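One structure is given here, and the rest of the page talks about it.
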Amino acid sequence: MELLREIATTIWMHKLRTALTAIVLIIGIFSLIFLFGMGRGLSNGTMDVFGKFATNTMFVWAQRTTIAHKGLPTGRIASLTTQDAEAIRQNFSEVQYMSPRLQLGTTRVAAGQNYGSFEVRGETPDLKFILPIEMEQGRYINGLDLRERRKVCVIGTGAKDILFKGASKVIGEYIQVRGVFFRVVGVQASMQTGDQGREDDMAVIVPLSTGQVVFNLIDRVHYFTISCFAGVNSNVVEAAIKRLLRDRHEIHPKDMLGINSFNLSNQVQKFTGLFAAIDGFILFVGLGFIIAGIAGIVNIMLIVVRERTREIGIRKSIGATSGSIMRMILIESIIITTISTYIGMVLGVATLAFFDYLITKLEVESIFFSNPEVNFKLVFIAMFLMIGFGALAGALPAYRAAQINPVEALADE
Amino acid sequence: MISLTKINKSYKTGQGSLHVLKDVDLEIGKGELVSIMGSSGSGKSTLLNILGILDQYDSGDYYLDDKLIKNLSDSAAAEYRNRFLGFVFQSFNLLSFKTAQENVALPLYYQNVSRRERNAIALDYLEMVGLKDWYHHMPNQLSGGQKQRVAIARALISKPKVVLADEPTGALDSKTSYEVMNLFKKVNEQGITVIIVTHEHDISRLCDRAIKLKDGVIHNGEDESAFTS
């Protein structure tokens with residue numbers, strides 16, 4: 001206690017010197033936390049684009065063939081069917097959800113006096129488990145709708161706002177698509193940001209089977225959205241599904257475009273890798289700052305010891321042991337390091353919180369940036385490390401101080 | 001109180017070594033007020049540093065209060081300095097960022113005396129040197145004579161057996177010099193051995209005895225003029 005009081009007095013009486021020592025480290029810690037938080041914000045923002053998308057999802061569709069096969073020319077487009085969906089379901093136990101999808105194009109949709117152009121799609125109940133959508137009202141398409149070809153629909157929140165201006169309850173209302181009435185059973189909201197999310201919010205969804213019948217596209221399917229069970233290598237399943245479809249539609253096994261696909265897990269992996277790299281880079285830069293901060297402390301403590309040579313000489317002449325001098329310098333170093341770290345931390349976290357507040361308040365949550373944050377466990381680990389570093393930084397200066405010869409120190413002017 | 005026999009001390013220099021103290025024999029009794037005289041380079045500061053256990057000697061024996069002071073550990077030397085010795089310097093050597101009271105109390109800090117207690121004791125000693133009203137002043141708010149009196153109070157607070165003063169009046173005018181010397185006399189009357197290093201004859205004459213040092217050798221009973229610089 002007495003020692004701490006003695007050191008506190010010394011620090012207080014040399015405010016400028018102490019502040020200069022601390023400032024390098026404060027900036028270092030602040031930068032580290034700020035950079036980490038911003039990196040996390042970037043990562044959060046980008047990952048939000050995927051929303052709660054099942055990240056092992058793939059899309060499979062047919063395009064014009066590029067290789068002639070079995071006497072058939074190039075340039076054909078295979079017509080995928082409901083039977084293909086059955087085949088996939090029967091052959092692949094790795095597939096958890098599979099949704100054959102029908103695109104009816106952008107169509108004029110009306111509800112009473114209101115109307116607008118919306119993308120109309122035929123979907124199956126599985127899709128709800130694949131796409132990151134939430135039911136704002138009502139329910140999604142279910143198995144009964146599909147079997148009985150019910151004329152029901154789910155509309156996106158955006159479509160709801162246009163078709164039912166201001167109305168809060170729209171379940172049970174009717175909309176008209178190409179002269180056919182559908183009863184609204186649900187309103188869906190996408191959890192994705194960006195174009196994808198907007199698309200789902202502006203969609204009008206009918207049961208696949210109803211769409212096929214009503215719009216005269218018997219058994220037709222435009223593409224499949226498929227997600228596998230966790231732990232399954234979706235790349236392997238993707239390739240096998242494409243082999244199956246090529247075989248069923250007389251497409252050359254090597255015709256990559258004839259049956260084409262897109263696998264979301266590759267995309268997610270790329271981003272995950274990218275952000276790991278960014279985190280690593282930030283850590284590297286941040287550590288650089290901290291090392292510079294510590295070197296600064298060692299440097300300034302050495303100067304402080306030099307400057308205090310005479311004081312140390314006086315203290316020794318009136319009975320201070322080398323040990324007590326060493327403790328004094330060491331603890332001073334630890335106190336400065338700890339306080340600087342703490343200040344830097346508070347500043348960093350406060351700045352991040354302020355950014356977060358601004359983003360929320362001004363609603364500038366952009367596609368690629370949201371919720372900057374910092375892992376508190378990391379912060380505390382860093383803080384304990386800094387106390388250790390403080391001891392380390394103080395060790396050399398403290399040793400130097402202890403070695404000071406009082407005779408020379410007192411002669412020092 | 002102090003007994004030196006055949007003390008030798010040399011310093012290494014660039015070319016070789018400089019023999020500063022040559023077979024110094026010295027006896028100083030309890031309660032004496034002595035001066036050590038000599039011109040600069042005579043070895044008087046080195047002698048004082050050895051007496052003050054701030055410096056080591058090469059050969060010989062030094063007994064302080066019948067204890068052999070030789071090859072002491074760092075902490076033992078610190079303990080002796082703290083309990084047996086009080087230092088007064090030409091340049092006062094007060095800590096500039098502490099008040100007069102805190103400066104006086106500092107030796108007791110190293111004896112683990114509580115803050116309240118040591119500050120109370122420090123106030124008594126400041127009263128003794130006539131500076132009680134100045135206890136909360138910083139050194140730079142005090143005159144030279146006042147600073148030296150604070151330094152003397154600091155030297156006395158640990159109730160030392162010996163007070164060592166290195167040119168205590170060197171930075172003071174003659175009037176304050178005499179005031180300081182009167183203080184030393186008062187201290188001496190309490191039975192504390194006082195050793196004053198000086199090159200001023202006026203000061204030396206106020207002491208019971210003068211020890212004259214020239215080129216590292218003690219000269220007794222020689223003509224004073226030999227030391228006039």
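The values are calculated or read from the model by the stated rules, or taken from the named source; none is laboratory data. Quantities reported herein were computed from a predicted structural model and do not represent experimental measurements. Cβ sites come from the backbone with ideal geometry, for glycine too, and all protein chains shown count toward neighbours.
Here is how the numbers come out for the structure above:
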quantity	calculated
Residue match in the stretch B:8-22 (condition: surrounded by fewer than 22 Cβ atoms within 10 Å (Cβ to Cβ), within 30 Å of A:Trp12 (Cβ to Cβ) and within 14 Å of chain A (Cβ to nearest Cβ))	no
Residue within the stretch A:220-232 that is touching a residue at least 12 places away in the same chain (Cβ under 8 Å) and under 15 Å from A:Ala110 (Cα atoms) present	no
Given (1) of a type outside the set (Ser, Thr, Tyr); (2) exposed (fewer than 15 other Cβ atoms within 10 Å of the Cβ); (3) within 14 Å of chain B (Cβ to nearest Cβ), index of the condition A:Leu20 fails	(3)
Considering residues of the stretch A:222-239 that are surrounded by 16 or more Cβ atoms within 10 Å (Cβ to Cβ) and β-branched (Val, Ile, Thr) only, the residue nearest to A:Gln96 (Cα to Cα)	A:Ile226
Residue in the stretch A:312-334 that is touching a helix residue (DSSP H, G or I) at 6+ places or on another chain (Cβ under 7 Å), over 17 Å from A:Leu3 (Cα atoms), of a type outside the set (Val, Ile, Thr) and within 11 Å of chain B (Cβ to nearest Cβ) present	yes
Residue satisfying all of: in the stretch A:118-154; outside any helix (DSSP H, G or I) and acidic (Asp, Glu); nearest to A:Arg89 (Cα to Cα) among these	A:Asp126
The lone exception for A:Lys169 - which of (1) closer than 28 Å to A:Met58 by Cβ; (2) modelled with pLDDT under 85; (3) of a type outside the set (Gly, Ala, Ser) it fails	(1)
Of the criteria (1) over 25 Å from A:Asn91 (Cβ atoms); (2) surrounded by fewer than 17 Cβ atoms within 10 Å (Cβ to Cβ), which one A:Asp219 fails	(1)
Those helices (runs of 4 or more DSSP H) lying entirely in the stretch B:98-205 with at least 1 residues away from chain A (no Cβ under 14 Å) and under 30 Å from A:Met328 (Cα atoms)	B:100-109, B:115-128, B:144-156
Matching residues, the stretch A:86-104, being part of a helix (DSSP H, G or I) and either out of contact with any helix residue (DSSP H, G or I) (no Cβ under 9 Å at 6 or more places or on another chain) or among the hydroxyl-bearing types (Ser, Thr, Tyr) (or both)	A:Glu86, A:Arg89, A:Gln90
Condition met for A:Thr107 (in contact with a helix residue (DSSP H, G or I) (Cβ under 6 Å, 6 or more places away or on another chain), farther than 30 Å from A:Met345 by Cβ and modelled with pLDDT of 80 or more)	no
All helices (runs of 4 or more DSSP H) inside the stretch A:252-363 with 1 or more residues being exposed (fewer than 15 other Cβ atoms within 10 Å of the Cβ) and either assigned by TED's automatic domain parsing to the domain that holds A:Ile404 or at pLDDT below 85 (or both)	A:264-307, A:322-361
Which listed residue is within 15 Å of A:Glu134 (Cα to Cα), in contact with a strand residue (DSSP E or B) (Cβ under 9 Å, 6 or more places away or on another chain) and part of a loop (DSSP other than H, G, I, E, B), from A:Gln196, A:Gln188, A:Gln192	A:Gln192
Residues (under 22 Å from B:Lys22 (Cα atoms), more than 9 Å from every other protein chain (Cβ to nearest Cβ) and in a helix (DSSP H, G or I)) located in the stretch B:42-85	B:Lys44, B:Leu47, B:Leu48, B:Ile50, B:Leu51
Pairs where the first residue, in the stretch A:6-17, is part of a helix (DSSP H, G or I) and the second is not aromatic (Phe, Trp, Tyr), C-beta under 6 Å, 6+ apart	A:Ile7/A:Ile331; A:Ile7/A:Glu332; A:Ile11/A:Thr18
Residue in the stretch B:196-205 that is touching a Phe, Trp or Tyr at 6+ places or on another chain (Cβ under 6 Å), under 28 Å from B:Ser3 (Cα atoms), at pLDDT below 95 and of a type in the set (A, V, I, L, M) present	no
Selected residue (criterion: surrounded by the most Cβ atoms within 10 Å (Cβ to Cβ)) from residues of the stretch B:84-98 that are of a type in the set (A, V, I, L, M) and under 12 Å from the mean Cα position of the chain (by Cα)	B:Val88
